[in-house]
Amino acid sequence: MHVEGFFEWLGQALGSLIRVIVDALSGVFNWLASAGANFIDGLARTLGMDTSLVSILALIVGLLLLFSAVRAFMSASIIMGIIWALLGLWVLSWVVH
């Protein structure tokens with residue numbers, strides 16, 4: 001009879017520990033998701049764009065094209081820098097209203 005009480009207590013203690021860990025991880029992931037959503041909302045509101053996945057991807061592509069333009073200018077390739085910059089600005093003009 002005494003052994004059954006010990007294992008019941010051990011099961012409750014282990015269950016409580018697992019519950020605390022799951023609740024803590026749930027809180028951390030909810031906080032990260034909320035922070036990410038707030039970041040995307042603030043970025044979209046500032047740029048005047050939609051918060052859709054296509055808009056975010058177009059923004060990333062446009063910024064990568066502008067980064068390629070900067071790299072081309074740094075390597076003294078003026079013509080390619082101008083082409084990359086125009087392409088980047090063209091893609092970004094679709095996104096930003």
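Summing Cβ point charges (Lys, Arg +1; Asp, Glu -1) relative to the Cα centre of the chain gives a dipole of roughly 520 debye.
Per-residue extension of 0.36 nm, minus the Cα-Cα distance of residue 61 and residue 32, leaves a gain of 8.0 nm for this segment. Each label point was placed 7 Å from the Cα along the Cα-to-Cβ direction; for residue 10 and residue 73 their separation is 6.9 nm. Would the chain count as rounded, prolate or oblate if I go by the C-alpha gyration tensor, calling it rounded below 1.5 in a/c and otherwise prolate when a/b exceeds b/c, oblate otherwise? Prolate shape, in that a/c is at least 1.5 and a/b is the bigger ratio. The stretch between residue 83 and residue 23, if pulled fully straight at 0.36 nm per residue, gains 16.4 nm over its current Cα-Cα span. Comparing 40, 64, 29 along the charge dipole axis of the chain, the residue lying farthest to the positive side is 64, per the Cβ-charge model.
Since every read-out is calculated from the coordinates, none of them should be taken as a lab result. Values in this document were obtained by computation on a predicted structure and should not be read as measured data. Here the Cβ is made from the backbone with ideal geometry for all residues, glycine too, and neighbour counts use every protein chain on show.
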